[in-house]
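Asks: Got a structure for you, written out below as structure tokens; questions coming shortly.
The values are calculated or read from the model by the stated rules, or taken from the named source; none is laboratory data. Remember, predicted model here, so these are calculated numbers, not experimental data. When we count neighbours, we look across all protein chains shown, and the Cβ atoms used for this are built from the backbone with ideal geometry, even at glycine. SASA here: full protein model, heavy atoms, side chains in, ligands and nucleic acids out. Shrake-Rupley method; radii C 1.70, N 1.55, O 1.52, S 1.80 Å.
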Amino acid sequence: EGPLCYLLELDDFKILLDCGWNDTFDTSQFDLLKTVAEDVDAVLISHADLSHLGGLPYAVAHLGLKAPVYATLPVQKMGEMFLYDAERHKTSREDFRTFSLDDIDLAFERFVQIKFFQNFKLEGKGRGIVITPFPAGHTIGGSVWRITKETDEILYAVDYHHRKERILPSLDRSAFSKATVTITDAFNALRPPIKQDRDERLLDTILSTLRADGSVLIPCDTAGRSFELLMLLDQRWEQYNYPYKIVVLSNVAHRAVEFARGMLEWMNENVHRRFDDSRHHPMKFQHFMFLHSMEELDKLRAERRPMVVLATPVSLNTGFSLERFSIF
């Protein structure tokens, strides 16, 4: 489950496929990248989380990465939020200087936004190469990339989901139809439990804990898979009107949700239909409180009532999720 970062060479054109890191921010993980970073001609980013783009600020600021970075609009904007959240977690708890907010901004100035199914023709040294993002079905704006040159079609497909979810569309399988080479991962071979059973088990565990006067901590990401979890909880709370509070604790909690609400065109047709029929945005999340500090959470804890807390980061290595876990 390590960060993703691959180098693809098409003749003398070098494409970096993702530039991931994790929240240890161990610079030794970039020993190989720093030998080629200055020679990279283009970067393709598949998802907005740290595992796919967390290394960009460091690579741009310290390794000489100067190439344009291609991604969808949601991946670019939510990727910024992931990194802002991570940087705040580190700097608020230690003397963290590996990268700064300025480094994040500098890296994201290099982004070029591409829409799903858009055949984007590279210029200059990359003339003749066409890159196309397809829906990956894993995160909002998350992409499977097709890279075409002459008769060769290379598919970069990591962290994809073939089933439609509450918010997300399913993987667009047309991307796989003519691929001569596919670069992928093995996560989809693990065959997780049927989604409905998995969701019900999770809800049963949460509710049985709350009814026993206990609170629930769920480590979650900043602006990725967490939206599906928020939707699951919101729909159940709407249906049964439970008295328990649900808290989202992140440095960018409110901003991430507000931006996601504006990404309606990147969601599945069921979301579009509900919005068209009722003019009620399904991501309104009326049953949630969005907090940005432990002090705000402490005020709620003083009420001594069971609650559900979704806290970043998902790794439980640092930040709010670790602090909240140490209190339990």
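Asks: Sort 156-162, 291-297, 235-241 for me by packing, meaning the mean count of neighbouring Cβ atoms within 10 Å per residue, highest on top.
Replies: 156-162, 291-297, 235-241
Asks: Let me ask something additional. At 37 °C and a viscosity of 0.692 mPa s, what translational diffusion coefficient does Stokes-Einstein give for the range 116-176, taking Rh as the Kirkwood radius over Cα pairs? Give it in µm²/s as a whole number.
Replies: Details: Rh = 12.1 Å.
The diffusion coefficient I find is 272 µm²/s.
Asks: While we're looking at this one, here's another question. Taking 0.36 nm per intervening residue step and subtracting the Cα-Cα distance, what contour gain separates HIS272 from ARG173 on full extension?
Replies: Between HIS272 and ARG173, full extension yields 33.5 nm more.
Asks: Would you work out which of THR209, ALA157, SER92 lies farthest towards the positive end of the dipole of the chain, given +1 charges on the beta-carbon of Lys and Arg and -1 on that of Asp and Glu, about the Cα centre?
Replies: Farthest towards the positive end: THR209.
Asks: Run the reach check for LYS284 against lysines, Cα to Cα strictly under 17 Å, same-chain hits fewer than 8 apart removed. What comes back?
Replies: Once the sequence-local lysines are set aside, what remains near LYS284 is LYS245.
Asks: A further question on this structure: Can you give me the Cα centroid spacing of the range 253-269 and the range 2-50 in angstrom?
Replies: 27
Asks: What percent do you get for the relative contact order of the chain when only Cα pairs under 8 Å and 6+ apart count?
Replies: After rounding, I find 15 percent.
Asks: Arranged from highest to lowest average of other beta-carbon atoms within 10 Å per residue, in what order do the peptides 132-144, 263-275 appear? Before the final figure, lay out the partial values.
Replies: Numbers: 132-144: 25.8, 263-275: 15.5.
With the highest mean Cβ count within 10 Å placed first, the list reads 132-144, 263-275.
Asks: Related question: Which of the peptides 103-110, 251-258 is most tightly packed, and how do the rest follow, going by the mean number of other Cβ atoms within 10 Å of each residue?
Replies: Peptide ranking by packing, descending: 251-258, 103-110.
Asks: List, largest first, the extents of the alpha carbons of the range 239-328 along their principal axes, each in whole Å.
Replies: 43, 29, 18
Asks: Next up: What number comes out for accessible area per residue over the chain if the probe is 1.4 Å? Units Å², please.
Replies: Using a 1.4 Å probe on heavy atoms only, each residue of the chain averages 48 Å².
Asks: Could you give the dipole magnitude of the chain about its Cα centre, charging the beta-carbon of Lys and Arg +1 and that of Asp and Glu -1, in debye to the nearest 20?
Replies: Values: 39 positive and 48 negative charges, 214 e Å.
Approximately 1020 debye in magnitude.
Asks: Just how far, in whole angstrom, is the range 70-129 from the range 303-323 if you go by their alpha carbon centroids?
Replies: 26
Asks: Where the eigenvalues come from the Cα gyration tensor of the range 1-64, what are the semi-axes √(5λ) of the equivalent ellipsoid, largest first, in whole Å? Numbers along the way, then the final one.
Replies: Values: eigenvalues 67, 36, 18 Å².
After scaling each eigenvalue by five and taking roots: 18, 13, 9 Å.
Asks: Please identify the GluC sites (Glu not before Pro) of the range 48-96 that satisfy two criteria: DSSP loop assignment and at most 16 other Cβ atoms within 10 Å. Which are they? Mind dumping the intermediate values first?
Replies: On the way: sites: GLU80, GLU87, GLU94; in loops: GLU94.
Within the range 48-96, the qualifying GluC sites (Glu not before Pro) (loop, at most 16 other Cβ atoms within 10 Å) are GLU94.
Asks: Also, quick follow-up: For the chain, which semi-axes, largest first and in whole Å, follow from the square roots of 5 times the eigenvalues of its Cα gyration tensor? Present the calculation step by step, with values, prior to reporting the outcome.
Replies: Numbers: eigenvalues 247, 117, 53 Å².
Semi-axis lengths for the chain are 35, 24, 16 Å.
Asks: What is the dipole size for the range 100-205, taken about its Cα centre, with +1 at each Lys and Arg Cβ and -1 at each Asp and Glu Cβ, in debye to the nearest 20? Working shown, then result.
Replies: Details: 16 positive and 16 negative charges, 108 e Å.
Dipole of the range 100-205, to the nearest 20 debye: 520 debye.
Asks: Between their Cα atoms, which of LYS34/LYS115; LYS121/LYS149; LYS14/LYS149; LYS66/LYS125 are more than 18 Å away from each other? It would help to have the intermediate numbers written out before the result.
Replies: On the way: LYS34/LYS115 30 Å; LYS121/LYS149 10 Å; LYS14/LYS149 13 Å; LYS66/LYS125 14 Å.
Beyond 18 Å: LYS34/LYS115.
Asks: To continue, here is another question. Only loop residues by DSSP count here, and only those with at most 16 other Cβ atoms within 10 Å; note down the trypsin sites (Lys or Arg not before Pro) in the range 146-179 that meet that.
Replies: Taking the range 146-179 and a limit of 16 other Cβ atoms within 10 Å, the loop trypsin sites (Lys or Arg not before Pro) found are ARG163, LYS164, LYS178.
Asks: Take the solvent-accessible surface of the protein heavy atoms, probe 1.4 Å, and return the percent of it on the chain that carbon and sulfur atoms account for.
Replies: After summing per-atom areas, the C and S share lands at 48 percent.
Asks: Something else: So, in nm, how far is label ASN317 from label LYS284 when the simple model puts each one 7 Å beyond its Cα toward the Cβ?
Replies: Modelled inter-label distance: 3.9 nm.
Asks: Let me ask something else. Taking amide hydrogens as modeled 1.01 Å from N in the peptide plane, which residues meet the under 5 Å criterion relative to ILE218, leaving out close sequence neighbours?
Replies: Here the answer is VAL309, LEU310, ALA311, since their amide H atoms fall under 5 Å of that of ILE218.
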